[in-house]
Amino acid sequence: MFFSLSCFVVRSHFFDIRFLIFVGFLTLFFISTGAQFGFSISNLFNPLAFFSVFSGVCCIMLLGGFNLREALDIVADTRRICDISTRINELIYINEQIKRKGFTVCEQFQKKFNDQFIRKGLRIIADNPGPEFKLEEALKAEIQTLKNRNRRFLDLLNFGANVSPGVGLIGTLIGLSMNSHPTAISHAVLTTLYGAILANFFFIPLYQHFKQKLEHLELSYEVTFSGLIKLRDGLHSIYLEEHLSGYRNAVKHN
């Protein structure tokens with residue numbers, strides 16, 4: 001589980017300039033806190049205490065349904081998010097090519113996208129299954145499946161934030177019950193600290209990071225869905241751009 005979470009965080013694009021700023025401010029926080037209360041920051045480091053809290057949180061998250069493959073798929077999707085204006089321009093260009101060469105051109109375009117959702121829609125349009133096939137229902141079902149996956153992922157990060165302080169407190173209570181020596185007490189209290197750190201400096205920032213990413217991703221699903229339906233209906237490119245311009249304006253206002 002530790003290796004799984006490590007792989008997930010490394011691949012999550014969380015390690016950018018914002019992450020470096022975050023680490024800098026976190027280090028400054030601990031140094032200034034230590035200086036204020038007259039102790040060395042090295043006193044806050046206890047690898048065994050941290051491992052006990054982290055492993056406890058990992059066990060609970062496994063019981064809560066953590067799925068590494070699903071998490072990595074979400075990370076991959078968020079790394080491939082395209083700008084909404086770019087997606088609209090792509091749909092308009094595909095529509096123009098359909099007018100010239102027919103629906104079979106969608107087969108060529110679907111191979112150029114990494115986004116599985118638009119690839120599926122273009123593949124269906126290229127196959128031209130006929131009026132009995134409900135393209136809207138198929139794409140809506142796909143969107144709902146992806147949204148449910150995203151919600152499960154965010155709920156699990158929120159779950160990790162909620163249980164981490166409790167796991168740290170349990171570690172503290174176990175330590176206090178086994179040894180009442182002042183040094184042992186100070187080490188036992190560290191597990192409570194580590195639980196709070198995991199919640200407030202790991203899970204909550206990850207939750208907010210991916211919440212924003214997934215909101216943008218789901219907006220791209222809606223743009224793609226709307227565009228694909230109009231492609232299938234044969235809407236002129238001018239009217240397609242007008243139809244999708246509302247999404248472009250919504251992004252600007254946000």
Return yes when Ser164 is surrounded by 13 or more Cβ atoms within 10 Å (Cβ to Cβ), in contact with a helix residue (DSSP H, G or I) (Cβ under 7 Å, 6 or more places away or on another chain) and over 30 Å from Thr104 (Cα atoms) and no when it is not.
yes
Checking the conditions here, which among Ile238, Ile229 is without any contact (Cβ under 8 Å) to a residue 24 or more places away in the chain and β-branched (Val, Ile, Thr)?
Ile238
Keeping to the stretch 124-138, report how many residues are closer than 20 Å to Leu235 by Cβ and without any contact (Cβ under 8 Å) to a residue 24 or more places away in the chain.
10
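Taking the stretch 22-50, which residues are at pLDDT 80 or above and surrounded by 13 or more Cβ atoms within 10 Å (Cβ to Cβ)?
Listed by number, the residues that qualify are Asn46, Ala49, Phe50.
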Which one of the conditions (1) within 15 Å of Ser220 (Cβ to Cβ); (2) at pLDDT 90 or above; (3) among the hydrophobic types (A, V, I, L, M, F, W, C); (4) surrounded by fewer than 17 Cβ atoms within 10 Å (Cβ to Cβ) does Phe117 fail to meet, given that it meets all the rest?
(4)
Just give me the residues in the stretch 85-107 being hydrophobic (A, V, I, L, M, F, W, C) and surrounded by fewer than 20 Cβ atoms within 10 Å (Cβ to Cβ), in sequence order.
Ile92, Phe103, Val105
Are any residues in the stretch 120-150 basic (Lys, Arg) and surrounded by fewer than 12 Cβ atoms within 10 Å (Cβ to Cβ), and if so, which ones?
Lys134
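The values are calculated or read from the model by the stated rules, or taken from the named source; none is laboratory data. Source: prediction; values computed, not measured. Here the Cβ is made from the backbone with ideal geometry for all residues, glycine too, and neighbour counts use every protein chain on show.
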